[in-house]
Amino acid sequence: MNEKPLNFVLIGRSGSGKGTQAELLKERFPNLVHIITGDLFRKLGSMDTDTSHTIKKILEAGGLPLDDIATTLWMHEIAFNVKKDQGILADGFPRRLAEAKNLDRFLKFLDRKNNTFYLLIDISRQEAFDRLTKRRICNKCGKLIPWVGKFRKLKVCDRCGGELITRLDDNIKAIKNRLDYFDKNVLPVVKYYEKQKKLIKINGEQSIEDVFKDILKILK
């Protein structure tokens, strides 16, 4: 019996619900270490360094910084934090073909490739745009509130009661740039995993609960 921990790579357009499904996966598999490259970039962008100022400008325009920085950030996070009995939950990476190949090599190095599920939470570009223009974030605890189902009715954060605001990088120009980026750069990653017959496509336009049920069916 293979006792190695499961790993998950979540891919999808911005607004597809990757973060929400990641939270559900963490509840189901408590040994997962959740790594979000967007959060790593925002943390770096909040610092007072030459690199952070450059990254902040790129993020506010809806772009993604240099490939090697993204790889360095998540690789550092895994190397310094993930223990042998813990799984990796990759949320928001890889977003470029070079990154996908780097991740493959790293997972092979860690002997984790055969225990990794590559999940595409699939929603249309229009659905993504509608969700991103309306979703909110708690300015107290930072929880992202998606514009789906019951969450649409929330007036305050359901975790801490904090005020719900629009995220800085959720402006129209930035959203369009992120969606364009997905079509140009992330779709080749999707095709890369499809060619390897590793990609598992999940209909992301269902309810949150049904999306998660479909993920669990695959795992069985």
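The values are calculated or read from the model by the stated rules, or taken from the named source; none is laboratory data. Not measured: the values here are computed from a predicted model. Positions of Cβ are generated from backbone atoms using ideal geometry, with glycine treated the same way; all protein chains shown enter the neighbour counts. The protein model used for the area step is the full one, side chains on, heavy atoms only, and it has no ligands, DNA or RNA in it. Shrake-Rupley method; radii C 1.70, N 1.55, O 1.52, S 1.80 Å.
Things to note:
- Tally of residues being in contact with a helix residue (DSSP H, G or I) (Cβ under 9 Å, 6 or more places away or on another chain), touching a residue at least 60 places away in the same chain (Cβ under 8 Å) and not hydrophobic (A, V, I, L, M, F, W, C) across the stretch 174-197: 6
- Top-ranked residue of the stretch 173-184 - restricted to ones that are modelled with pLDDT of 90 or more and open to solvent by 80 Å² or more (accessible area, probe 1.4 Å), ranked as nearest to Ile58 (Cα to Cα): Lys176
- Residue that is among the hydrophobic types (A, V, I, L, M, F, W, C), touching a residue at least 60 places away in the same chain (Cβ under 8 Å) and either closer than 18 Å to Gly19 by Cα or surrounded by fewer than 20 Cβ atoms within 10 Å (Cβ to Cβ) (or both), where the choices are Leu120, Leu154, Leu103, Leu164: Leu120
- Under the condition of being outside any helix (DSSP H, G or I), open to solvent by less than 90 Å² (accessible area, probe 1.4 Å) and among the hydroxyl-bearing types (Ser, Thr, Tyr), the residues counted in the stretch 36-52 number 1.
- Among residues of the stretch 123-151, those that are surrounded by 12 or more Cβ atoms within 10 Å (Cβ to Cβ), of a type outside the set (Val, Ile, Thr) and part of a loop (DSSP other than H, G, I, E, B), counted: 9
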